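**Student:** Can you read through this structure? Questions will come right after.
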Amino acid sequence: MARTMPGLVNYAPEHGSVELREVGVPEIGEQEVLLKVQAVSICGSDLHQWHGSHSWKVNYPCILGHEFCGTIEQAGRRVKQFREGDRVVSETAAVIDEFSPYTRRGLYNLDPNRLGFGYGVDGAMTHYARVPERCLHAMPAQLTFEKAALTEPCCVAYNAVCMNARIRPGDSVLVIGPGPIGLLCALMARINGSGHLIVSGLPVDAGRLAVARQLGANATLDGGVVEYVKNLGDGYGVDVVIDAAGASATFQMAMQVVRPAGQIVKVGWGPQPLGYNLDPMVQKALTVQGSFSHNWPIWERVIEMIATGQIDLDLIISRVASLPEWKDCFERMQSGDYVKAVLNPHQ
């Protein structure tokens, strides 16, 4: 008889189509491992799929969860770098085309055929996950599972701020959207040498804006961003805007407040049409840079930064909960009560 386990399944595109179900323990291939999931972090994209407000294709039914780590329960016959019992954290690119020109350049995150855990294939909000060996990274001994589960969003922020943005020491930086990615982008901007750091949100974001101040933001705003920036420095605008909100209105504001020859980095997703012209981008000769996902060298660097405390996640992790408590965690992340909740499937 096939073994079963509980799994948090997104089973349809309609609002609220997520529930805890009994699912089968996966069978692994020769170059895969069966990972005993020790911690899986809840992402904003999980909330979008829960609400049916996502803008990407989901292969229903699908177990949620792409920010995860654990111990290797079983290793396939051709697995070379790891063995049973190893503590590992997993990347998100579950399926890639190894012959894609992007994969050959190390940019498999940009491979159009890429499928990720939690939407393209079954993810990790369950007891055991099937993971290709190429996705795995060893966890330093001092790194806890709860913090290791946040490696993926930290890599998203590192790629956006430290790789795709051109922040120089002393640059003024505005981060729009104090969600988990926005707060981590603010943290990366501070690590990267930003000068005056601003984080903006909405009145409902009061709790997360307070966290932004603790992370080193010089100013946190729940309105009046344009007026604030006009009175900052020489009045021409901020050097770099990180749009971690993704809404149409936030990109329009970014064009208003960035200085001529400045840069906007868009890391937040949003399916809304713009509804306005892009002439300010031309008039100001702006650089607009998209940033998506991450790759192997970013993961190696970020894991070390978390393990050594350079990336401090104590203010980011709001709760560690059991898998049956998923809905309360989803709701409290949605409301802004939590920055990040981490699920321990075996708790």
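The values are calculated or read from the model by the stated rules, or taken from the named source; none is laboratory data. Note that this is a predicted model, so its numbers are computed, not measured. With ideal geometry, Cβ positions are generated from the backbone for all residues, glycine too; neighbour counts draw on all protein chains shown.
**Student:** Assuming VAL226 fulfils every condition listed in (1) closer than 20 Å to ILE167 by Cα; (2) in contact (Cβ under 8 Å) with a residue 24 or more places away in the chain; (3) in a helix (DSSP H, G or I) apart from one, which condition is it?
**Tutor:** Of everything listed in (1) closer than 20 Å to ILE167 by Cα; (2) in contact (Cβ under 8 Å) with a residue 24 or more places away in the chain; (3) in a helix (DSSP H, G or I), VAL226 misses just condition (1).
**Student:** Between a first residue in region 155-170 that is among the aliphatic types (A, V, I, L, M) and a second residue that is part of a helix (DSSP H, G or I) and surrounded by fewer than 24 Cβ atoms within 10 Å (Cβ to Cβ), which pairs have beta carbons less than 9 Å apart while being 6 or more apart in sequence or on different chains?
**Tutor:** From residues that are among the aliphatic types (A, V, I, L, M), the pairs are VAL161/ILE191; MET163/ILE298.
**Student:** Another question, then. With respect to GLY246, is the statement that it is in contact (Cβ under 8 Å) with a residue 24 or more places away in the chain and either over 25 Å from the mean Cα position of the chain (by Cα) or not in a helix (DSSP H, G or I) (or both) true?
**Tutor:** Working: in contact (Cβ under 8 Å) with a residue 24 or more places away in the chain: yes; either over 25 Å from the mean Cα position of the chain (by Cα) or not in a helix (DSSP H, G or I) (or both): yes.
Yes, satisfied.
**Student:** Now, a different point. Which of the residues belonging to region 212-249 are in contact with an Asp or Glu (Cβ under 7 Å, 6 or more places away or on another chain) and of a type outside the set (A, V, I, L, M)?
**Tutor:** ASP222, ASP239 - these are the residues of region 212-249 that are in contact with an Asp or Glu (Cβ under 7 Å, 6 or more places away or on another chain) and of a type outside the set (A, V, I, L, M).
**Student:** Quick one: what pairs do we get from region 300-315, first residue surrounded by 15 or more Cβ atoms within 10 Å (Cβ to Cβ), second at pLDDT 95 or above and charged (D, E, K, R), C-beta under 6 Å, 6+ apart or different chains?
**Tutor:** Final answer for the pair search is ILE306/LYS147; LEU313/LYS147.
**Student:** Do any strands (runs of 3 or more DSSP E) lying entirely in region 60-120 carry at least 1 residues that are hydrophobic (A, V, I, L, M, F, W, C) and more than 21 Å from the chain's Cα centre (by Cα), and which ones are they? Full working, then the answer.
**Tutor:** Values: elements: 67-75, 87-90, 93-95.
Answer list for region 60-120: 67-75.
**Student:** Is it the case that some residue within region 74-96 is of a type in the set (A, V, I, L, M), surrounded by fewer than 17 Cβ atoms within 10 Å (Cβ to Cβ), free of Cβ contacts under 8 Å to residues at least 60 places away in the same chain and not assigned by TED's automatic domain parsing to the domain that holds LYS266? Explain how you work it out, then say what you get.
**Tutor:** Applying the first criterion (of a type in the set (A, V, I, L, M)) to region 74-96 yields 75, 79, 88-89, 93-96.
From the residues that got through so far, the ones that are surrounded by fewer than 17 Cβ atoms within 10 Å (Cβ to Cβ) too are 95.
This time we only want the ones that are free of Cβ contacts under 8 Å to residues at least 60 places away in the same chain, so: 95.
Add one more test, that the residue is not assigned by TED's automatic domain parsing to the domain that holds LYS266, and what stays is 95.
Yes: one or more hits.
**Student:** Of all residues in region 11-36 being touching a helix residue (DSSP H, G or I) at 6+ places or on another chain (Cβ under 9 Å) and under 23 Å from CYS155 (Cβ atoms), which is surrounded by the most Cβ atoms within 10 Å (Cβ to Cβ)?
**Tutor:** VAL33
**Student:** Another question, then. So which residues in region 264-286 are surrounded by 15 or more Cβ atoms within 10 Å (Cβ to Cβ) and either of a type in the set (A, V, I, L, M) or within 21 Å of the chain's Cα centre (by Cα) (or both), if there are any at all?
**Tutor:** Scanning region 264-286 gives ILE264, VAL265, LYS266, VAL267, GLY268, TRP269, GLY270, MET281, LEU286.
**Student:** Of the residues VAL229, VAL199, VAL238, which single one is touching a His at 6+ places or on another chain (Cβ under 9 Å), buried (at least 24 other Cβ atoms within 10 Å of the Cβ) and not hydroxyl-bearing (Ser, Thr, Tyr)?
**Tutor:** VAL238
**Student:** Another question, then. Give VAL23, VAL9, VAL40 a once-over and let me know the one that is touching a Lys or Arg at 6+ places or on another chain (Cβ under 6 Å) and in contact (Cβ under 8 Å) with a residue 24 or more places away in the chain. First the steps, then the outcome.
**Tutor:** On the way: VAL23 fails: touching a Lys or Arg at 6+ places or on another chain (Cβ under 6 Å); VAL40 fails: touching a Lys or Arg at 6+ places or on another chain (Cβ under 6 Å).
Checking each option against the conditions leaves just VAL9.
Conditions tested, residue by residue: (1) more than 28 Å from GLU27 (Cα to Cα); (2) small (Gly, Ala, Ser); (3) modelled with pLDDT of 95 or more; (4) under 18 Å from the mean Cα position of the chain (by Cα).
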{"residue": "GLU133", "(1), (2), (3), (4)": "no, no, yes, no"}
{"residue": "HIS137", "(1), (2), (3), (4)": "no, no, yes, yes"}
{"residue": "LEU143", "(1), (2), (3), (4)": "yes, no, yes, no"}
{"residue": "THR151", "(1), (2), (3), (4)": "no, no, yes, yes"}
{"residue": "CYS154", "(1), (2), (3), (4)": "yes, no, yes, yes"}
{"residue": "ALA160", "(1), (2), (3), (4)": "yes, yes, yes, yes"}
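**Student:** Moving on to the next point. Go through the residues of region 131-140 one by one and say whether even a single one is closer than 29 Å to PRO13 by Cβ, assigned to a strand (DSSP E or B) and in contact (Cβ under 8 Å) with a residue 60 or more places away in the chain. If you could, list the steps in order and put the result at the bottom.
**Tutor:** Of the residues in region 131-140, the ones closer than 29 Å to PRO13 by Cβ are 131-132, 135.
Retained after the next criterion (residues that are assigned to a strand (DSSP E or B)): 131-132.
Now narrow it down to the ones that are in contact (Cβ under 8 Å) with a residue 60 or more places away in the chain: 131-132.
Within region 131-140, one or more residues are closer than 29 Å to PRO13 by Cβ, assigned to a strand (DSSP E or B) and in contact (Cβ under 8 Å) with a residue 60 or more places away in the chain.
**Student:** Which one of PRO178, PRO169 is in a loop (DSSP other than H, G, I, E, B) and crowded, with 17+ Cβ neighbours inside 10 Å?
**Tutor:** Testing whether each residue is in a loop (DSSP other than H, G, I, E, B) and crowded, with 17+ Cβ neighbours inside 10 Å leaves just PRO178.
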